[in-house]
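Here is the structure we will look at.
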Amino acid sequence: MDLNTITAVAHPQTRSQLPVWTSGDAWLAGGTWLFSEPQAHLTRLIDLADLNWPPLAITETHLTIAATCSIAQLDALTCPADWLAAPLIGQCCRAFLASFKIWKTATVGGNLCMSLPAGPMISLTAALDGVCTIWKAEGGEHTIPVADFVTGDQRNRLTPGDLLRQIDIPIAALKRRSAFRQISLAPVGRSGALVIGSVEANGTLILTVTASTVRPVRLSFPTPPDATALAEAISQQIPDDVYHTDLHGKPLWRKHMTLRLAEEIRGELLGASPS
Ligand SMILES: Cc1cc2nc3c(=O)[nH]c(=O)nc-3n(C[C@H](O)[C@H](O)[C@H](O)COP(=O)(O)OP(=O)(O)OC[C@H]3O[C@@H](n4cnc5c(N)ncnc54)[C@H](O)[C@@H]3O)c2cc1C
């Protein structure tokens, strides 16, 4: 849709060229959400494309995903064989309710900054211990785990003018055994619950609950839980008011699915049968 209140579009190429933030500004990444509904409060877009950040970089310790990396670029990443958790990348990219046009333009950073409960890049990066680097509006940088970055439905830790620069995922997390479960109310509907499990080198089971909850919730089990312990931990650590409600699922259904998917993951990763 045309955003007919926009009177200027800035195209900075470096951080020093970023304009001073004023009310009425918005960062423009893929634009798939920005251009999908009226934005009458906006007067200027600051396009991130010309910053030309390399979409993906692999070092000895981390996979760095630029905020401007598209879903399609991330999905096309060729991962080393010992990244046992690599299938999560494709699984989360496909958890998007999106056409190929959205896939090619929507960015990982835009997905985190939208902070929708069904943001599959939030699910992926929160489950893999991702850490956000934020360029603060007043200068300097700030880092924060993805799981703490998103605080609620369309709420996060950004303050006006802050820019998400990148997400760093430790290679150690990418080497973990993992399991993925996702469910939607309708066959191609938005995720109603998306649960990812992984096992750390010391045997700790990490469960990351997203989509059913308004923000990511990570649960850690240093000793393998039985079915009862798993269900109790979920019930205790995810209060009922943290479950999301909208036309893609009522909270009770989302909670039920979360418990069920988590139990399936326990079975897959710990070889446990239901007790
Ligand atoms: C048909 C359709 C289906 C969709 N399905 C889903 C879905 O299943 N799940 C889901 O979560 N979303 C969905 N969306 C919403 C949206 O497309 C995605 O969240 C997408 O990832 C947003 O990325 P973008 O790069 O297009 O962001 P943009 O639209 O460019 O920006 C989104 C918001 O984030 C801000 N922003 C972007 N990048 C940064 C940055 N680096 N730093 C600070 N702020 C930033 C923008 O200013 C804006 O407020 C869908 C949208 C459409 C139109």
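The values are calculated or read from the model by the stated rules, or taken from the named source; none is laboratory data. No experiment lies behind these values; they were computed from the predicted model shown. FYI the Cβ positions are ideal-geometry reconstructions off the backbone, even for glycines, and counts take in every protein chain you see.
Observations
- The range 164-192 - residue that is surrounded by fewer than 16 Cβ atoms within 10 Å (Cβ to Cβ) and at pLDDT below 95 and, of those, farthest from the ligand (Cβ to nearest atom): Pro187
- The lone criterion from (1) more than 11 Å from the ligand (Cβ to nearest atom); (2) more than 30 Å from Thr22 (Cβ to Cβ) left unmet by Ser123 is number (1).
- Close Cβ contacts (under 6 Å, 6 or more residues apart or on different chains) running from residues in the range 82-105 that are free of Cβ contacts under 8 Å to residues at least 24 places away in the same chain to residues that are assigned to a helix (DSSP H, G or I) and surrounded by fewer than 19 Cβ atoms within 10 Å (Cβ to Cβ) comprise Gly90/Asp75.
- Among the residues of the range 140-159, those that are surrounded by 24 or more Cβ atoms within 10 Å (Cβ to Cβ) and farther than 19 Å from Leu34 by Cβ comprise Val146, Phe149.
- Residue check for Asn111: within 12 Å of the ligand (Cβ to nearest atom), touching a strand residue (DSSP E or B) at 6+ places or on another chain (Cβ under 9 Å) and at pLDDT 95 or above: no
- A single entry from Gln166, Gln154 fulfils the requirement of being outside the structural domain of Leu247 (by TED's automatic domain parsing), in contact with a Ser or Thr (Cβ under 7 Å, 6 or more places away or on another chain), among the polar types (S, T, N, Q) and under 18 Å from Val242 (Cα atoms): Gln154.
- The residue list Thr105, Thr64, Thr68, Thr32 contains one member that is within 10 Å of the ligand (Cβ to nearest atom), of a type in the set (Val, Ile, Thr), at pLDDT 95 or above and in contact with a Leu (Cβ under 8 Å, 6 or more places away or on another chain), which is Thr68.
- Of the listed requirements (1) small (Gly, Ala, Ser); (2) within 11 Å of the ligand (Cβ to nearest atom); (3) touching an Asp or Glu at 6+ places or on another chain (Cβ under 7 Å), Gly161 misses just one: (3).
- Count of residues meeting criterion [of a type in the set (S, T, N, Q) and exposed (fewer than 14 other Cβ atoms within 10 Å of the Cβ)] in the range 75-98: 1
- Considering residues of the range 16-29 that are within 12 Å of the ligand (Cβ to nearest atom) and touching a residue at least 24 places away in the same chain (Cβ under 8 Å) only, the residue nearest to Thr125 (Cα to Cα): Ala29
- Residue that is farthest from the chain's Cα centre (by Cα), among those in the range 48-63 that are closer than 19 Å to Ala127 by Cβ and of a type in the set (A, V, I, L, M): Ile58
- Filter pass, Cys92 being within 9 Å of the ligand (Cβ to nearest atom) and either part of a helix (DSSP H, G or I) or not aliphatic (A, V, I, L, M) (or both): no
- Inter-residue pairs, beta-carbon under 9 Å, first closer than 17 Å to Thr68 by Cβ and modelled with pLDDT under 95 and in the range 132-161, second surrounded by 15 or more Cβ atoms within 10 Å (Cβ to Cβ) and among the aromatic types (Phe, Trp, Tyr), 6+ apart: none
- Given (1) outside the structural domain of Thr61 (by TED's automatic domain parsing); (2) closer than 20 Å to Leu51 by Cβ; (3) of a type in the set (Gly, Ala, Ser), index of the condition Gly161 fails: (1)
- Meets criteria (farther than 20 Å from Leu252 by Cα, within 17 Å of the chain's Cα centre (by Cα), away from the ligand (no atom under 11 Å from the Cβ) and without any contact (Cβ under 8 Å) to a residue 24 or more places away in the chain) for Ile206: no
- Residue match in the range 126-139 (condition: surrounded by fewer than 23 Cβ atoms within 10 Å (Cβ to Cβ) and of a type in the set (Phe, Trp, Tyr)): yes
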